[in-house]
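The values are calculated or read from the model by the stated rules, or taken from the named source; none is laboratory data. Source: prediction; values computed, not measured. With ideal geometry, Cβ positions are generated from the backbone for all residues, glycine too; neighbour counts draw on all protein chains shown.
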Amino acid sequence: MPKLSEGFRTRITFSLKHAGIICKKDYPPAAEMASDIAKRLKKQGVSICLNRLEDDLDVLIVLGGDGTLLHVADQAARHSIPVLGINMGHLGFLTERTEEEAIAAVDELLSGTVIIENRMMLKASLTKGEATGKSRYALNEVVISKGTLDRVLQLSTRADREYITTYKADGLIFSTPTGSTAYNLSAGGPLVYPGLASILVTPICPFMLSSRPVLLPANCLLRTNLEPGHNHKAQ
């Protein structure tokens, strides 16, 4: 497995021995492309793991749209596995390589020299009473939403130990720079350069005009609590 650099975009050299391929579910063209890529890699002595993720992969090739990539990003991040996205879906902000470029992209992997982009992720957990749930990683965003409730949420938010504000809104979006082009943008948040280590906090349909998106450093710990008396079933 290649050792990832701390920089945003870095050229690295590594030996490809074990590759994983994840296909968009129930999409025959992705399965056909996976077969072609697997044959090409096997000819070069690379072992293949199809539609599952193993912790010793040198690279994970995702054939689908952004949804497919986001689905596996959590597990890939836990094992520091670099991901190559081939766009075979509807949205391709993250899966930058096209279907026509797939074989050329695989040949770049086989050459042993590639450019890696290190994208920051969010680590989130839910605490209820004294119990804290399992942490999850998010490449785009973590969202607190009122769901189908007909009342706004009151969300007291702190960065490290410093109080920011209590948002009165339909919810909150905690976004990475990568995710700034997604839900954050639709909610009126700014676009952020993907190499900038930061967290965006964007309220969803805020009740107060003074509630605006906030850009915070990536190393801060954010805590959001439902205010007492407003313990709705937020999602």
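So the values come out like this:
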{"item": "Residue in region 72-83 that is within 16 Å of the chain's Cα centre (by Cα) and free of Cβ contacts under 8 Å to residues at least 24 places away in the same chain present", "result": "yes"}
{"item": "Residues located in region 208-227, provided they are modelled with pLDDT under 90 and in contact with a strand residue (DSSP E or B) (Cβ under 9 Å, 6 or more places away or on another chain)", "result": "208, 210, 211, 226, 227"}
{"item": "Lone unmet requirement of (1) out of contact with any Phe, Trp or Tyr (no Cβ under 8 Å at 6 or more places or on another chain); (2) at pLDDT 95 or above; (3) not charged (D, E, K, R) for residue 142", "result": "(1)"}
{"item": "Total residues in region 189-212, condition surrounded by 14 or more Cβ atoms within 10 Å (Cβ to Cβ), under 23 Å from residue 149 (Cβ atoms) and free of Cβ contacts under 8 Å to residues at least 40 places away in the same chain", "result": "4"}
{"item": "Sole residue being charged (D, E, K, R) and free of Cβ contacts under 8 Å to residues at least 24 places away in the same chain, chosen from 136, 161", "result": "161"}
{"item": "Within region 144-155, tally of residues that are outside any loop (DSSP other than H, G, I, E, B) and surrounded by fewer than 20 Cβ atoms within 10 Å (Cβ to Cβ)", "result": "2"}
{"item": "Residue in region 49-59 that is surrounded by 14 or more Cβ atoms within 10 Å (Cβ to Cβ), among the charged types (D, E, K, R), in contact (Cβ under 8 Å) with a residue 40 or more places away in the chain and not in a strand (DSSP E or B) present", "result": "yes"}
{"item": "Residues within region 161-204 that are more than 24 Å from residue 66 (Cβ to Cβ) and in a loop (DSSP other than H, G, I, E, B), tallied", "result": "1"}
{"item": "Check on residue 158, assigned to a strand (DSSP E or B) and surrounded by fewer than 19 Cβ atoms within 10 Å (Cβ to Cβ)", "result": "yes"}
{"item": "Selection within region 5-29 - in contact with a helix residue (DSSP H, G or I) (Cβ under 6 Å, 6 or more places away or on another chain), farther than 22 Å from residue 80 by Cβ and outside any strand (DSSP E or B)", "result": "24"}
